[in-house]
Amino acid sequence: MLPELLALLGAFLFGLGTVLVRRGLEESNFLSATLTVTLIGTIVFCIVSLLLVPLTSVNSIGIVFFALAGLFAPGFAMLTHLKGVEMLGASMNASIFAAYPLFSSLLAVFVLGELPSLGILAGMICIIFGVVLIERNLYGTPVKSAKPTRTALAFPLSAALLLGFGYVLKKMGLNAYNEPILGVAVTYLSSMSLYTLLSALSTTVRRSMSVSRQSLQLFWKPGLILCAGHLCEYYALRYGDVSLVAPLMNIEPFFVFIFAYILLRELEKITHKLVIGTLIIVAGVSLITIF
């Protein structure tokens with residue numbers, strides 16, 4: 001039960017962190033928020049790693065996998081996800097992106113040799129359907145200007161595939177070098193390097209993606225919460241399979257809904273979609289944890 005509990009705790013922390021980031025976005029933008037929380041995570045885990053991880057035991061193969069995981073997700077996955085929101089609208093984009101556990105599990109079968117049980121597969125399907133219902137209620141209907149062209153659909157699909165690869169790469173890194181703390185540090189550092197490079201190469205990105213005193217004041221709390229979420233994710237992968245951890249981490253939107261209702265009051269009423277989505281997610285989690 002340890003990996004299941006860690007994955008659920010990680011989803012809980014990601015949901016809380018996401019809602020706090022959204023509250024801060026009233027005075028900032030998402031790219032600056034992403035860069036700020038990534039910078040906070042990089043600093044925190046680099047310091048913790050230097051204090052707690054013996055550098056003599058560092059495994060270069062594991063470090064490479066962790067670095068690649070950071071480039072895949074959040075790295076490029078975040079950028080393609082945001083582009084999908086722009087082209088499709090948040091609701092449709094989130095509904096497609098919610099299928100990422102399918103990609104991670106399929107990749108885990110071929111790359112890691114995992115064999116998920118029927119209970120895990122059934123629970124995964126339930127969670128994806130439940131998440132889609134909640135996402136559609138949270139974000140509303142797709143914007144009128146959004147057209148589901150092949151090009152537009154490629155962005156959320158790419159984001160889901162990149163995140164799926166990210167999970168597999170993290171697990172491969174842990175298999176080579178079983179040190180989650182340093183793994184999170186390298187993942188953060190890799191993502192931070194990517195965003196810094198993009199800011200240096202593009203004036204447009206540099207104007208939108210910046211760290212200031214205001215962004216630090218707005219996002220330091222969610223940044224620390226997301227740090228804890230990533231650590232739970234890595235420890236869950238340390239003790240459990242990708243096909244087990246990824247679906248449970250995917251229930252983050254359920255916690256976003258709960259915290260948005262409590263902290264932001266964005267949801268004026270509980271709709272039937274939210275109730276049905278919640279029940280389906282609970283059923284999916286039960287199938288995964290029991291069977």
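Quick notes
- Helices (runs of 4 or more DSSP H) contained in the range 123-217 and holding at least 2 residues among the aliphatic types (A, V, I, L, M) and in contact (Cβ under 8 Å) with a residue 24 or more places away in the chain: 150-176, 180-201
- Taking the range 1-78 and the helices (runs of 4 or more DSSP H) fully enclosed by it, the elements with 1 or more residues that are of a type in the set (Gly, Ala, Ser) and either in contact with a Pro (Cβ under 8 Å, 6 or more places away or on another chain) or within 21 Å of GLU135 (Cβ to Cβ) (or both) are at 2-24, 30-52.
- Subset of the range 203-251 that is hydroxyl-bearing (Ser, Thr, Tyr) and under 25 Å from LEU161 (Cα atoms) - its residue that is surrounded by the fewest Cβ atoms within 10 Å (Cβ to Cβ): TYR239
- Residue in the range 186-194 that is β-branched (Val, Ile, Thr), under 21 Å from the mean Cα position of the chain (by Cα) and buried (at least 24 other Cβ atoms within 10 Å of the Cβ) present: yes
- Members of the range 41-57 found to be farther than 15 Å from LEU194 by Cα and in contact with a helix residue (DSSP H, G or I) (Cβ under 8 Å, 6 or more places away or on another chain), listed by number: VAL44, PHE45, CYS46, VAL48, SER49, LEU52, VAL53
- Among residues of the range 47-81, those that are buried (at least 16 other Cβ atoms within 10 Å of the Cβ) and either farther than 13 Å from VAL186 by Cβ or of a type outside the set (S, T, N, Q) (or both), counted: 22
Since every read-out is calculated from the coordinates, none of them should be taken as a lab result. Bear in mind that the values here come from a model prediction, so they are computed numbers and not experimental data. So basically every Cβ, Gly included, is an ideal-geometry build from the backbone, and we count neighbours across all protein chains shown.
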